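The values are calculated or read from the model by the stated rules, or taken from the named source; none is laboratory data. In this text the structure is predicted, and so the values were computed from the model without any measurement. Backbone-built Cβ (ideal geometry, glycine too); neighbour counts: all protein chains shown. Protein only, heavy atoms only, side chains kept; ligands, DNA and RNA dropped before computing areas. Shrake-Rupley method; radii C 1.70, N 1.55, O 1.52, S 1.80 Å.
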Amino acid sequence: MNENSLKKTLSKLNIGDVRYFDSIGSTNDEALAWAATGARDLSIIIADEQTQGRGRLNRKWFTPKGSALAFSLILRPSAALRPHLSRTVGLATLSIADSCSKLGLVPLIKWPNDILLNGKKTAGILIETVWSGEDIDSLVIGMGINVYKTSVPPTELLQFPATSIEDQLGKKMPEREEILKSVLNAFIHWRERMATDEFIDVWEGALSFRGEQVQIHAESEAPIIGELNGLESDGSLRLHDIHDKSIIVRFGDVSLRPTA
Ligand code: ADP
């Protein structure tokens, strides 16, 4: 990834400032620090390599050099969007899913924060908050997208199978910055629609395992098992248990797995 051409490509989009690193610990850490010192809305930190990339609960996110897209967007929510911030993970996952669809792939979202191609994890989202007292100052949305085959971690590091866009697409690979541009365009598109019913409908339509039996694991609780039914308007997941009773699963550190 070439810094100059990347910045030129991004300058055509309606986003904030851009900081590029050949190598960084974690783009989210850098973005959290930048957000706390007043970064503009939709500013972006992007790195070719992360040495301390993070998933949820400090699990590691693998981003070797020259292989992936790793970036963090800083969001300064408008007053109109503040009541809908629980939908942000949907905004992020839908944006990546849209850009995969434009490449001719068939992405599905493993609620809440992963994008699957062919049932395997291709991208993950980590959202963190900068607080100002009791209020949200800004959100940092970290995205890791496996672009080339070399981005896929060794199997022994994985709890869920992983793949890359290159694995699924074959040879006709676009440049990483073209994929980034497409994700950001989708992000801008869906952010404008984030408060609408259409947003929830499209997000729900992109969910993996709909109508299937899944289990939800949360820290220190017994797994919840049920049929994945859809989304509540705040983006919570709705399951039906064997008695056809609705179970609502909120965000937090929950991991969804098929039961089979
Ligand atoms: P989950 O959503 O599966 O609960 P996280 O969102 O916390 O997991 O992501 C971290 C996990 O993702 C790691 O523990 C590791 O198993 C897996 N992982 C790390 N890097 C990658 C990658 N580049 N592609 C796919 N999976 C990864």
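What the table shows:
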| quantity | calculated |
| --- | --- |
| Partner lysines for Lys245 [C-alpha distance under 27 Å; skip if fewer than 8 residues away on the same chain] | Lys110 |
| Degrees separating the helix 27-36 axis from the principal Cα axis of the chain, which is the longest one | 80 degrees |
| Per residue solvent-accessible surface (Å²) - the chain, probe of 1.4 Å | 46 Å² |
| Kirkwood Rh in Å, taken over the chain so that all alpha-carbon pairs contribute | 18.7 Å |
| Glu49 - accessible surface, heavy atoms, 1.4 Å probe, Å² rounded to 10 | 50 Å² |
| Distance between the stretch 124-155 and the stretch 34-62 - C-alpha centres, whole angstrom | 6 Å |
| Within the chain, helix-based [θ] at 222 nm, where runs of 4 or more DSSP H residues each add -39,500 (n - 2.57), nearest 500 | -7500 deg cm²/dmol |
| Residues whose placed amide H lies under 5 Å from that of Gly230, excluding near-sequence neighbours | Arg238 |
| Glu221-Thr51 pseudo-label distance in nm [points 7 Å out on the Cα-to-Cβ vector] | 3.8 nm |
| Proximal charge balance of Ser72 [Cβ under 11 Å; K/R count +1, D/E count -1] | -1 |
| Residues whose placed amide H lies under 5 Å from that of Leu207, excluding near-sequence neighbours | Ile109 |
| DSSP-defined antiparallel bridges as percent of all bridges, the stretch 1-135, nearest 5 | 70 percent |
